[in-house]
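Below is one structure; the comments refer to it alone.
The values are calculated or read from the model by the stated rules, or taken from the named source; none is laboratory data. Just so we're clear, the structure is a prediction, and the values are computed from it rather than from any experiment. Neighbour counts run over all protein chains shown; Cβ positions are idealised from the backbone, glycine included.
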Amino acid sequence: MNDSIDYARQVSQAVLDRLGDLSPPWQVLAVEEHVETAAPPPGLTMPNSLLVTIGGGDGSVQVYFSLDVPVDEATVATAGQIQDHAIEESVGAALPPCPGHRHPLSARLIDGVANWVCPHDATYHREPILPPD
């Protein structure tokens, strides 16, 4: 579990770092096992995820890092959740900005790798969400 927590923290911080100068001044505040208190609907299983709390001086938001899907899919989903909160908080800024365009990059899985890509042309710009070591 600690490896998953460390990875979710690393991904979340990389996303926050990449959002750009117009993003809220957030940091990763906590990553912990998410415990669902409500029973799932009949026929569904309890989700297995981590709860990531991010924020700064004016409060915080929470996103989920799923442990029920492959790690790259969870990375894309978590990046998208953080991006959505940051765009809302910044009143519609293009976060992270697509180089040379006025729209934000999109979190997408390409060839099994979680990437930020130009939503209009993935060949125009593509970069890994989690930079290689």
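Table for the structure above
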{"item": "Test: residue in the stretch 4-18 that is assigned to a loop (DSSP other than H, G, I, E, B), surrounded by 13 or more Cβ atoms within 10 Å (Cβ to Cβ) and touching a residue at least 60 places away in the same chain (Cβ under 8 Å)", "result": "no"}
{"item": "The lone exception for D133 - which of (1) within 17 Å of D6 (Cβ to Cβ); (2) out of contact with any Leu (no Cβ under 9 Å at 6 or more places or on another chain); (3) at pLDDT 95 or above; (4) among the acidic types (D, E) it fails", "result": "(3)"}
{"item": "Residues within the stretch 81-111 that are of a type in the set (G, A, S) and either in contact with a helix residue (DSSP H, G or I) (Cβ under 6 Å, 6 or more places away or on another chain) or in a helix (DSSP H, G or I) (or both), tallied", "result": "2"}
{"item": "Residue match in the stretch 23-43 (condition: touching a Phe, Trp or Tyr at 6+ places or on another chain (Cβ under 8 Å) and farther than 16 Å from L130 by Cα)", "result": "yes"}
{"item": "Members of the stretch 112-129 found to be of a type in the set (A, V, I, L, M, F, W, C), part of a strand (DSSP E or B) and closer than 17 Å to D17 by Cβ, listed by number", "result": "A114, W116"}
{"item": "So V63, is it outside any loop (DSSP other than H, G, I, E, B), within 20 Å of L109 (Cα to Cα), at pLDDT 95 or above and of a type outside the set (S, T, Y)", "result": "yes"}
